[in-house]
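Right, one structure below, let's go through it.
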Amino acid sequence: MFKRKGQWAGVLAGMALFFAALAPGHGQTFPSQPINMIVPYAAGGSSDFVARLLAQKLGEKFGQPVVVENRAGAGATIGTGLAARKGQNGYVALLADNAQTTAPALYKNLSYDSVDDFSVVGFVGRASVMLFANSGAGIKSVQDLIERAKSRPGTITIGTGHGSPSHLITEYFQLKSGIQLSVVPYKGASLALNDLLAGHIDLVFTNPASAAPHLKGGRIVALAQTGDQRDARFPDLPTFRESGVQGFDVSYWFALLIPADTPADARQKWRQALAAVLADPEVKEKFAAAGLSPYDLDPEQARQTMREEVRQWEEVVKVAKLQTN
């Protein structure tokens, strides 16, 4: 009997070694094979743009292809869950955004911890949140919007990506401005923007990279932007504070994350490569043109910032009495 137990122990140990050897890059110097960068959204959005530029430049630094993989769905939680899996040895990264901190407030049964299951390679950049209106709605400013909304509560429509950062940003704005809008949910914020351009809804919150190019066509107008200062590209666009909405402090951001169990040497190489890419003049120029400004936080500061944002969005969900999944 003891001999048979010993045989089984040997078999199990051998199986463990076999499956460990199947793990990406097992026993080899990182990186020794192509790397996947997961974007938890469909192709074509601002996250996709950021990821593809980073992937190209990181691939040059690593000497291995970095392949962008779009895994959209469920408020970015599907792709994020895939990126959080253990045992990927640095060969899978996540191009994260605000959904990393809004999702825990909306989805109570996530397969991952949005902070503790990841290691921060670095924040890539951030952009102001801008409120856009369809020109046909006739809304000229934030104060004009507030006056109209208070006189006709729930009649002005605003599109959001259901369960996405734009969803909670919209709720946050209503709380801070004291108005009630008619929230129209979409499968993604980009679809909401399309309907804004078509005149089917009145308002959308998004980043300047997504909507600002459409301003020249005259179909939409920008009402205000978040931040302490006006964007130099839009010097005539007031901030929300200037428009009378106090405490509406939020920005869009992008960060590169890897699983928390990534080996130390791979983690260090990721951070060195990203730092070099973000210092690249071409990357700086393209990010600036898209409205992204540097967001310099060390990994621990980044983790603390994300934890604080999770608490902030949980409070918004509670006060707004939103239904969670």
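When residues in the stretch 274-320 are screened for being small (Gly, Ala, Ser) and free of Cβ contacts under 8 Å to residues at least 12 places away in the same chain, 3 of them pass.
Screening Ser243 against (1) surrounded by fewer than 15 Cβ atoms within 10 Å (Cβ to Cβ); (2) not hydrophobic (A, V, I, L, M, F, W, C); (3) not assigned by TED's automatic domain parsing to the domain that holds Phe30 leaves a single unmet condition, (1).
When Val39, Val115 are checked against the criterion of being crowded, with 24+ Cβ neighbours inside 10 Å and under 14 Å from the mean Cα position of the chain (by Cα), a single residue qualifies: Val39. Go through the stretch 263-295 and count every residue that is surrounded by fewer than 19 Cβ atoms within 10 Å (Cβ to Cβ) and among the aromatic types (Phe, Trp, Tyr). Within the stretch 263-295, residues that are surrounded by fewer than 19 Cβ atoms within 10 Å (Cβ to Cβ) and among the aromatic types (Phe, Trp, Tyr) number 1.
For the stretch 156-194, a tally of residues being farther than 19 Å from Ile220 by Cα and either at pLDDT 95 or above or surrounded by fewer than 17 Cβ atoms within 10 Å (Cβ to Cβ) (or both) returns 14.
A quick yes/no check of all residues on (1) at pLDDT 95 or above; (2) of a type outside the set (A, V, I, L, M, F, W, C); (3) surrounded by fewer than 24 Cβ atoms within 10 Å (Cβ to Cβ):
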residue: Val66; (1), (2), (3): yes, no, yes
residue: Ala76; (1), (2), (3): no, no, no
residue: Ala83; (1), (2), (3): yes, no, no
residue: Val92; (1), (2), (3): yes, no, yes
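Looking at the stretch 261-325, the helices (runs of 4 or more DSSP H) lying wholly inside it that each contain 2 or more residues that are closer than 24 Å to Pro65 by Cβ and at pLDDT 95 or above sit at 264-278, 281-289. Does Ser210 satisfy the condition of being closer than 24 Å to Ala290 by Cα, over 24 Å from the mean Cα position of the chain (by Cα) and in contact (Cβ under 8 Å) with a residue 60 or more places away in the chain? Spelling it out, it is not the case that Ser210 is closer than 24 Å to Ala290 by Cα, over 24 Å from the mean Cα position of the chain (by Cα) and in contact (Cβ under 8 Å) with a residue 60 or more places away in the chain. Of the listed requirements (1) surrounded by fewer than 22 Cβ atoms within 10 Å (Cβ to Cβ); (2) in contact with a helix residue (DSSP H, G or I) (Cβ under 8 Å, 6 or more places away or on another chain); (3) assigned by TED's automatic domain parsing to the domain that holds Pro185; (4) not basic (Lys, Arg), Ser135 misses just one: (2). Number of residues in the stretch 208-236 that are closer than 17 Å to Asp249 by Cβ and part of a loop (DSSP other than H, G, I, E, B): the value is 6.
The values are calculated or read from the model by the stated rules, or taken from the named source; none is laboratory data. Source: prediction; values computed, not measured. Ideal geometry is used to build each Cβ from the backbone, glycine not excepted, and the neighbour counts take in all protein chains shown.
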